[in-house]
1. Identify the residue in segment 242-277 that is more than 10 Å from the ligand (Cβ to nearest atom) and in a loop (DSSP other than H, G, I, E, B) and, among all such residues, is nearest to Arg11 (Cα to Cα).
2. Residue by residue through segment 281-319, note down the ones that are of a type in the set (Gly, Ala, Ser) and out of contact with any helix residue (DSSP H, G or I) (no Cβ under 6 Å at 6 or more places or on another chain).
3. Restricting to segment 208-240, what's the tally of residues that are among the small types (Gly, Ala, Ser) and touching a residue at least 60 places away in the same chain (Cβ under 8 Å)?
4. With respect to the numbered conditions (1) more than 16 Å from the ligand (Cβ to nearest atom); (2) in contact (Cβ under 8 Å) with a residue 12 or more places away in the chain; (3) part of a helix (DSSP H, G or I), which one is the sole condition not fulfilled by Ala93?
5. Considering only segment 163-181, I want to know if a residue exists there that is outside any helix (DSSP H, G or I) and crowded, with 24+ Cβ neighbours inside 10 Å.
6. Kindly indicate whether Phe307 is at pLDDT 95 or above, surrounded by fewer than 17 Cβ atoms within 10 Å (Cβ to Cβ) and either among the hydroxyl-bearing types (Ser, Thr, Tyr) or under 19 Å from Ile181 (Cβ atoms) (or both).
7. Going by the structure shown, is Gly24 in the same structural domain as Thr132 (by TED's automatic domain parsing), in contact (Cβ under 8 Å) with a residue 24 or more places away in the chain and either within 26 Å of Tyr139 (Cα to Cα) or surrounded by fewer than 14 Cβ atoms within 10 Å (Cβ to Cβ) (or both)?
Amino acid sequence: MPTGSHPAARRIFGAPLRYVQGPGALSETGPMAAALGPHALLVGDAFVLDMVGPAVTGSCQPAGVQVTPLLFAGEITPAEIERLVAAARVLPADVVIAAGGGKGIDAGKAVAHHLRVPVITLPTIASNDAPTSKIYVVYDEQHRLLKVEHMPCNPHAVIVDTALIARAPRKLLLAGIGDAISKKFEVAQCHAAQGPNIFGGLGTRAALALADLCFETLLAHADGAVAALERQSPDDSLEAIVEASVLLSGLCFENGGLSIAHSMTRGLSALPGTAYELHGLQVAYGTMVQWHLENRPPSFMADMRAFYRRIGLPLNLQQLGLPRTPTDVDIDTLATLTLTAPHMRNFDRVLKVQDLAQAIQALEAVPL
Ligand SMILES: [Zn+2]
């Protein structure tokens with residue numbers, strides 16, 4: 001989604017000012033916030049405020065930063081944003097510290113955006129690439145996507161404490177891997193189609209290289225990271241996967257653009273069961289559809305299916321939550337809605353409902 005009109009050939013790259021990752025990294029919050037002023041608002045839901053509040057306050061106090069918690073109710077609707085912003089406006093705030101999963105981070109971004117102050121993000125899970133980006137997503141009361149808002153800048157800092165991430169459920173890490181695995185292929189398609197990135201410009205060579213690195217990292221380290229999560233103990237593999245899922249994946253989608261895999265989330269959000277599945281798992285399935293449409297060789301598809309099966313990513317719609325064998329109507333709905341996504345333009349050919357439906361049917365027909 002472009003943020004403005006730029007001359008067609010302008011290349012743009014944006015990123016957070018600082019990225020810090022490692023066990024105990026929350027202790028960096030105070031010094032980072034202190035550079036912005038003495039008053040910080042900490043936005044998160046009740047669970048997250050309990051989890052990170054003491055460490056954030058313990059890091060901020062010695063740095064001369066006073067932290068005021070602001071309780072997020074859990075869903076990012078226009079009414080909830082209005083409530084949070086009204087509460088925030090009567091408090092001194094030089095910076096917002098946004099903590100949590102995707103929604104908590106987005107709630108903090110929304111408050112910072114309305115207050116016109118910088119945001120520091122503290123992801124407590126690695127299930128998506130929201131922490132590094134300048135966008136946040138607003139939903140209606142029925143959990144339908146309402147709009148994507150853009151902050152003027154990316155976060156001032158992203159602080160990822162892998163001691164916290166190592167205690168998260170396995171499914172959340174898998175979602176992070178799913179959200180990241182599409183990027184090499186979506187960025188390549190967007191680049192070839194000369195499509196816009198999230199800054200409204202063309203992607204850079206850096207974006208292409210980061211997308212390749214993201215995919216290589218996932219293949220090399222996913223098994224080790226899943227094992228580290230079972231031990232609840234960060235190691236080099238978990239650090240590599242967190243970097244791929246949070247930093248690389250975020251830089252890739254904002255700077256390289258998106259294509260079919262993310263467009264599929266529009267259709268998947270309308271089917272029973274798949275609608276409430278984690279974004280990253282929807283993207284993992286969408287990536288399989290994109291590979292099929294790219295006519296990837298059977299050996300590549302077999303390798304990827306083996307990878308998905310081994311670590312636990314969804315191989316068909318039922319594994320993604322659909323409570324029945326998909327009907328022709330299900331597949332038609334999925335294909336029709338997916339085609340309405342603007343990122344569908346970033347592909348090597350114009351696709352029709354029938355092309356997409358055939359790709360989905362072919363994937364669904366492969367034995368597990
Ligand atoms: Zn995504």
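1. Out of the qualifying residues, it is Gly257.
2. Initially, segment 281-319 is screened for residues of a type in the set (Gly, Ala, Ser), giving 284, 286, 299, 302, 306, 312.
Residues satisfying the conditions are Ser299, Ala302, Ala306.
3. First, pick out the residues of segment 208-240 that are among the small types (Gly, Ala, Ser): 209, 211, 220, 222, 224-225, 227-228, 233, 237, 240.
This time we only want the ones that are touching a residue at least 60 places away in the same chain (Cβ under 8 Å), so: 222, 228, 233.
Total satisfying the criteria: 3.
4. (3)
5. To start, the set of residues in segment 163-181 that are outside any helix (DSSP H, G or I) comprises 166-169.
Next, from what is left, pick out any that are crowded, with 24+ Cβ neighbours inside 10 Å: none.
Looking for residues that are outside any helix (DSSP H, G or I) and crowded, with 24+ Cβ neighbours inside 10 Å, one finds none in segment 163-181, hence no.
6. Numbers: at pLDDT 95 or above: yes; surrounded by fewer than 17 Cβ atoms within 10 Å (Cβ to Cβ): yes; either among the hydroxyl-bearing types (Ser, Thr, Tyr) or under 19 Å from Ile181 (Cβ atoms) (or both): yes.
It is true that Phe307 is at pLDDT 95 or above, surrounded by fewer than 17 Cβ atoms within 10 Å (Cβ to Cβ) and either among the hydroxyl-bearing types (Ser, Thr, Tyr) or under 19 Å from Ile181 (Cβ atoms) (or both).
7. Values: in the same structural domain as Thr132 (by TED's automatic domain parsing): yes; in contact (Cβ under 8 Å) with a residue 24 or more places away in the chain: yes; either within 26 Å of Tyr139 (Cα to Cα) or surrounded by fewer than 14 Cβ atoms within 10 Å (Cβ to Cβ) (or both): yes.
Against the criterion (in the same structural domain as Thr132 (by TED's automatic domain parsing), in contact (Cβ under 8 Å) with a residue 24 or more places away in the chain and either within 26 Å of Tyr139 (Cα to Cα) or surrounded by fewer than 14 Cβ atoms within 10 Å (Cβ to Cβ) (or both)), Gly24 qualifies.
Let's see how each residue does on (1) assigned by TED's automatic domain parsing to the domain that holds Gly37; (2) within 30 Å of Arg231 (Cβ to Cβ):
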position: Thr124; (1), (2): yes, yes
position: Ala130; (1), (2): yes, yes
position: Ser133; (1), (2): yes, no
position: Asp140; (1), (2): yes, no
position: His143; (1), (2): yes, no
position: Cys153; (1), (2): yes, no
position: Leu172; (1), (2): no, yes
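The values are calculated or read from the model by the stated rules, or taken from the named source; none is laboratory data. Note that the structure is predicted; figures quoted are calculated from it, not measured. Heads up, the Cβs are rebuilt from the backbone with ideal geometry, glycines too, and the neighbour counts pull from every protein chain shown.
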